[in-house]
Each structure stands twice: as C-alpha cells, then as structure tokens.
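Engineer: My questions all concern the structure below.
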Amino acid sequence: MGIGEGPTADKIGERVHRIHAPGFDAALNSSTDWLSKALDKFGFERVSKQHRVHYAKAVYELLSNAKSPRGQIGRHAAFPSRGTYCAHYLWDSCFVSQGVALFNERLAEDFLLALCENQESDGKIPQFVCATWNRPGASQPPLIAWAAWRLYERFGNDQLLRGVYGPVSRFVEWWFSQRDEDGDGLAEYLDRFESGWDDSPRFDDGRIAGVDLNSYLNREMRALAKMARILAKDREAVEWERRADQHAKLIYAKLYDPEDRVFYDRLVGEDRLHKVLTPASLMPLWCEVKLPAGLAADMIIRFLINPKHFFGSRPFPTVAYSDRRFDPEQWWRGPVWPNIAWAMTEVLQMYGFERERKAAVRRLLDMMSRADDLGELYSASTGRPLGAAGYGWTCAVFMNLCTSASS
C-alpha cells in the first residue's frame with residue numbers, strides 16, 4: 001500500500017479508540033479521580049509569582065514519579081525519576097515526602113510506611129524496594145524518623161508514629177550491630193553507594209565511619225525518644241535519650257578535629273580522620289547533635305558562610321571550593337545536590353543566621369529556576385542542571401525553598 005492509500009490517520013485513531021475505549025475510558029477516569037485527590041491541598045500560598053511555574057512543575061513531577069501499590073510495595077511509592085530510577089529509594093523517599101506533604105498528607109506518609117513495611121528480618125531497610133524484590137546487601141542513610149516526625153508536626157497523625165516506631169527502632173539497632181566493624185560505637189558505611197554520596201572523595205582512601213551517618217543516627221534516636229513519649233513508652237524514651245547523649249559524646253570525641261575546628265569522617269581500621277571538607281562535616285549541626293557551646297556558630301562562620309569554602313554564587317557544593325579534589329561537575333565531587341544544599345539552609349535557620357539563609361535560598365532558587373526542568377544536581381560553576389530531569393528530591397526541595405523564602 002502506497003502513501004495516501006488506505007485509511008487516513010484520523011480513521012486509524014478512531015479504530016484504535018473504538019477497540020480500546022472501554023478499558024481506556026476506565027483508566028482515564030481512574031487516573032483523573034486519583035489526580036484530583038492527590039492534589040488535595042495544592043495551592044500557591046507563600047509562593048512568589050516568579051517561581052509558580054516551576055513550583056507547579058515540581059508538583060507535576062512528584063505525581064508523575066509516584067507509583068500505585070503493586071506487588072510487595074503495598075502503598076504508593078516515590079520513584080526518584082521514572083525514566084532513570086524506577087524503584088522506591090530509602091533516602092530519596094524521605095526527602096520527597098517533605099515536598100508531597102505540602103499538598104497531600106496520605107501520599108507523604110505512604111512513602112515512609114512503604115519503606116518500613118519492606119524491612120528485612122535482620123532489621124535492615126534496603127537501599128531500594130521494587131514490586132518484586134529488594135536491593136540486597138546495602139541500605140541508605142537513615143532518615144525515616146526525621147521525616148516522619150516532621151510529618152507528625154505538620155499533621156499530628158499518631159498512626160504514622162505507630163507505623164514507623166518499631167521498624168525504625170530495629171533499623172537503628174541494625175546499623176550499630178551490623179555496621180560497626182571495629183566496635184567503637186560509631187556506625188560505618190559498607191561502601192560508598194550505601195552513603196548515597198557514590199563517588200565522593202570521602203571514600204577515596206577506604207571505608208569510613210561517616211560523620212553524616214552518625215549524625216543521622218543520633219537524630220533518629222532523639223526522634224524515636226519523642227515518638228516513644230507520644231506513644232506512652234516513657235521508659236523507652238528515656239533509654240533513647242540516654243543512648244543519643246552517649247553517642248553524641250562519641251561523635252565529638254572521635255570525629256571532631258580540634259586543629260581544623262570541624263568534623264571529618266574517620267577511616268575504618270586506621271584510627272585517623274579523613275580530611276575532606278564537605279557538607280557532611282556540618283551534618284552534626286543539621287541533626288542537632290549535642291555539642292559544646294559555641295562550636296556550631298564557629299563552624300558556620302569559619303566554613304558554611306565563608307565564600308572560600310561553601311557560600312558561593314551556587315551555594316553548598318558537595319566538596320568545598322577550597323578542597324583540591326573539588327570538581328564542579330563530577331557527580332558527588334563538587335556539584336550542588338539540592339537535598340544537601342537544603343539541609344545547609346536549615347542549619348543557617350537553626351542557629352540564627354537568617355540573613356545568610358535568605359541569601360542562600362535566593363541563590364538556590366535562582367539557579368534551579370533558570371532551566372525548564374528541575375535537575376538531579378547542578379554544576380557548581382555554571383549552575384546548569386545535570387543528571388536526570390524532573391528529579392524527585394529536587395522538586396521537593398524547590399517547593400520547600402519557595403515556601404521558606406517568604407518567611
């Protein structure tokens with residue numbers, strides 16, 4: 001049959017529609033109904049007009065990346081990027097929940113509960129979960145209690161706390177029992193990919209007791225203590241607080257460098273600090289680890305708001321500008337990753353550096369809104385987006401930066 005012969009394209013379309021109409025219409029109606037419910041509390045309150053297009057895009061991407069329950073994922077899941085990362089990742093989902101919470105409570109809670117409901121028998125929560133299998137071996141940074149507590153503060157749902165308290169308690173125990181090879185009380189990453197920081201120079205010399213990892217665990221224990229009190233588990237709350245206090249002393253004793261006046265990772269088996277300056281060095285501040293008076297402000301002034309290290313036009317690169325290993329476009333060796341940058345803006349807010357926080361938020365929003373798509377990460381030299389487009393935690397971070405910019 002030659003060109004122009006046979007049915008026209010319109011007629012072909014009509015035939016296809018007639019063949020599939022019953023199933024197609026049902027699917028369309030179901031999707032439309034789901035979308036309407038998913039956009040439960042969507043609005044532009046506290047979002048400036050200049051950022052509303054990208055804010056709407058962020059919501060669109062988060063919903064496009066959401067997956068309906070299937071197989072062993074019995075709840076809605078949050079794929080970081082459907083075209084690139086087709087699984088429910090642990091730390092991604094914790095950050096994504098904080099964006100989705102701005103318009104839909106149930107979805108945000110589902111993303112965390114889906115992780116807890118796929119916990120393995122030894123207490124590990126895997127790096128990612130799929131409909132038919134879990135990622136074997138490795139986990140990812142423990143942030144579930146932090147994310148759940150923030151949702152509880154927003155919505156006050158005790159059922160969420162009941163759903164995460166037991167699994168996260170076992171998960172924390174797993175880190176200390178299965179990831180402390182030298183038995184010094186500090187947890188270690190199995191490998192670089194378990195950290196989420198992939199090719200970071202933090203791992204160039206071997207395995208580490210991560211300052212970020214131990215800061216996260218310390219905060220998880222304190223969040224569990226707060227949950228325990230809500231759930232009338234007062235004895236457990238006291239024990240979590242005691243353990244967190246003891247662990248905080250270890251973090252300061254073993255990971256703080258009094259000469260450089262900042263925290264570093266410790267190399268496993270070598271009993272020495274691995275001096276690579278990254279935002280991980282400031283994670284004890286984001287996680288509110290109990291530290292000697294004045295230490296936080298000193299590190300913020302010396303490093304975080306110092307343009308020589310982190311406070312450039314594209315703030316908070318994943319390796320300090322001043323570090324010889326800094327590479328502005330090489331994955332975790334220099335580019336700006338939005339989830340980490342957002343954490344650093346929260347550090348500034350926590351410790352009263354409001355002028356600098358507002359400046360950082362403006363710079364980040366300007367960088368992220370220049371391109372049509374919200375990228376996975378950004379060049380620390382040009383600000384151009386890198387990696388996957390429409391990336392989940394970038395969308396969540398952009399939304400939170402927008403709402404915090406007006407405060």
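The values are calculated or read from the model by the stated rules, or taken from the named source; none is laboratory data. Worth saying up front: this structure is predicted, and the values here are computed from it rather than measured. Cβ coordinates were reconstructed from backbone atoms using ideal geometry, including for glycine residues, and neighbour counts include every protein chain displayed.
Engineer: Is there any pair linking a residue in segment 16-38 that is closer than 24 Å to residue 103 by Cα to one that is surrounded by 11 or more Cβ atoms within 10 Å (Cβ to Cβ) and modelled with pLDDT of 70 or more, with Cβ under 6 Å and at least six apart or on different chains, and which?
Structural biologist: As it stands, the answer is 38/63; 38/104, since those pairs meet every condition given.
Engineer: Looking at (1) more than 24 Å from residue 214 (Cβ to Cβ); (2) surrounded by 14 or more Cβ atoms within 10 Å (Cβ to Cβ), which one does residue 156 not meet, given that it meets all the others?
Structural biologist: Only one criterion in (1) more than 24 Å from residue 214 (Cβ to Cβ); (2) surrounded by 14 or more Cβ atoms within 10 Å (Cβ to Cβ) is unmet by residue 156, namely (2).
Engineer: Can you tell me which residues in segment 364-407 are of a type in the set (S, T, N, Q) and either without any contact (Cβ under 8 Å) to a residue 24 or more places away in the chain or not in a loop (DSSP other than H, G, I, E, B) (or both)?
Structural biologist: Within segment 364-407, 394, 400, 403, 404 meet the criteria.
Engineer: Between 130, 94, 86, which is surrounded by fewer than 17 Cβ atoms within 10 Å (Cβ to Cβ) and not polar (S, T, N, Q)? Step through it out loud before you land on a result.
Structural biologist: Working: 130 fails: surrounded by fewer than 17 Cβ atoms within 10 Å (Cβ to Cβ); 94 fails: surrounded by fewer than 17 Cβ atoms within 10 Å (Cβ to Cβ).
Result: 86 is the single residue among 130, 94, 86 that is surrounded by fewer than 17 Cβ atoms within 10 Å (Cβ to Cβ) and not polar (S, T, N, Q).
Engineer: I need the full set of residues from segment 202-236 which are within 22 Å of residue 180 (Cβ to Cβ), surrounded by fewer than 17 Cβ atoms within 10 Å (Cβ to Cβ) and without any contact (Cβ under 8 Å) to a residue 24 or more places away in the chain, in order please.
Structural biologist: The answer is none; no residue qualifies.
Engineer: Go through segment 363-380 and give me each residue that's more than 13 Å from residue 317 (Cβ to Cβ) and in contact with a helix residue (DSSP H, G or I) (Cβ under 7 Å, 6 or more places away or on another chain).
Structural biologist: Answer for segment 363-380, where residues must be more than 13 Å from residue 317 (Cβ to Cβ) and in contact with a helix residue (DSSP H, G or I) (Cβ under 7 Å, 6 or more places away or on another chain): 365, 368, 369, 374, 375, 376.
Engineer: How many residues does segment 49-68 hold that are in contact with a helix residue (DSSP H, G or I) (Cβ under 7 Å, 6 or more places away or on another chain) and touching a residue at least 40 places away in the same chain (Cβ under 8 Å)? Spell out the reasoning first.
Structural biologist: Step one: list which residues in segment 49-68 are in contact with a helix residue (DSSP H, G or I) (Cβ under 7 Å, 6 or more places away or on another chain), which gives 51, 54-55, 58, 61-63, 65-66.
From the residues that got through so far, the ones that are touching a residue at least 40 places away in the same chain (Cβ under 8 Å) too are 51, 54-55, 58, 61-62, 65-66.
Total satisfying the criteria: 8.
Engineer: Please enumerate the residues belonging to segment 69-88 that are part of a loop (DSSP other than H, G, I, E, B), under 16 Å from the mean Cα position of the chain (by Cα) and free of Cβ contacts under 8 Å to residues at least 60 places away in the same chain.
Structural biologist: 87
Engineer: Please find, among 114, 56, the residue that is farther than 24 Å from residue 160 by Cβ, at pLDDT 80 or above and of a type in the set (A, V, I, L, M, F, W, C).
Structural biologist: Exactly one of 114, 56 is farther than 24 Å from residue 160 by Cβ, at pLDDT 80 or above and of a type in the set (A, V, I, L, M, F, W, C), namely 56.
Engineer: What is the one condition in (1) within 29 Å of residue 397 (Cα to Cα); (2) part of a helix (DSSP H, G or I); (3) free of Cβ contacts under 8 Å to residues at least 60 places away in the same chain; (4) not small (Gly, Ala, Ser) that residue 327 does not satisfy?
Structural biologist: All conditions pass for residue 327, except number (2).
Engineer: I need a count of the residues in segment 256-275 that are assigned to a strand (DSSP E or B) and of a type in the set (Val, Ile, Thr).
Structural biologist: Count: 1.
Engineer: Quick check on my filter: what residues within segment 76-97 are in contact with a Pro (Cβ under 9 Å, 6 or more places away or on another chain) and β-branched (Val, Ile, Thr)?
Structural biologist: 96, the sole residue that qualifies.
Engineer: For segment 94-117, how many residues meet the condition of being in contact (Cβ under 8 Å) with a residue 60 or more places away in the chain and either touching a strand residue (DSSP E or B) at 6+ places or on another chain (Cβ under 8 Å) or part of a strand (DSSP E or B) (or both)?
Structural biologist: 4
Engineer: Quick one: what pairs do we get from segment 266-281, first residue free of Cβ contacts under 8 Å to residues at least 60 places away in the same chain, second surrounded by 18 or more Cβ atoms within 10 Å (Cβ to Cβ) and of a type in the set (A, V, I, L, M, F, W, C), C-beta under 6 Å, 6+ apart or different chains?
Structural biologist: Pairs found: 277/320.
Engineer: Considering only residues of segment 286-304 that are among the aliphatic types (A, V, I, L, M) and out of contact with any Phe, Trp or Tyr (no Cβ under 7 Å at 6 or more places or on another chain), which is surrounded by the most Cβ atoms within 10 Å (Cβ to Cβ)? Walk me through how you get there before you give the answer.
Structural biologist: Our first condition is that a residue be among the aliphatic types (A, V, I, L, M); within segment 286-304, this holds for 289, 291, 293, 295-297, 299-301, 304.
With out of contact with any Phe, Trp or Tyr (no Cβ under 7 Å at 6 or more places or on another chain) added as a condition, the list becomes 289, 293, 295, 299, 301.
Values: 289: 26, 293: 6, 295: 17, 299: 22, 301: 13.
Per the stated criteria, the residue is 289.
Engineer: To continue, here is another question. If you scan segment 117-139, which residues turn out to be of a type in the set (D, E, K, R) and modelled with pLDDT of 95 or more?
Structural biologist: 117, 120, 122, 124
Engineer: Another question, then. So for segment 347-360 (the condition being under 15 Å from residue 95 (Cβ atoms) and touching a helix residue (DSSP H, G or I) at 6+ places or on another chain (Cβ under 9 Å)), does at least one residue qualify?
Structural biologist: Residues of segment 347-360 under 15 Å from residue 95 (Cβ atoms): none.
No - not one qualifying residue is present in segment 347-360.
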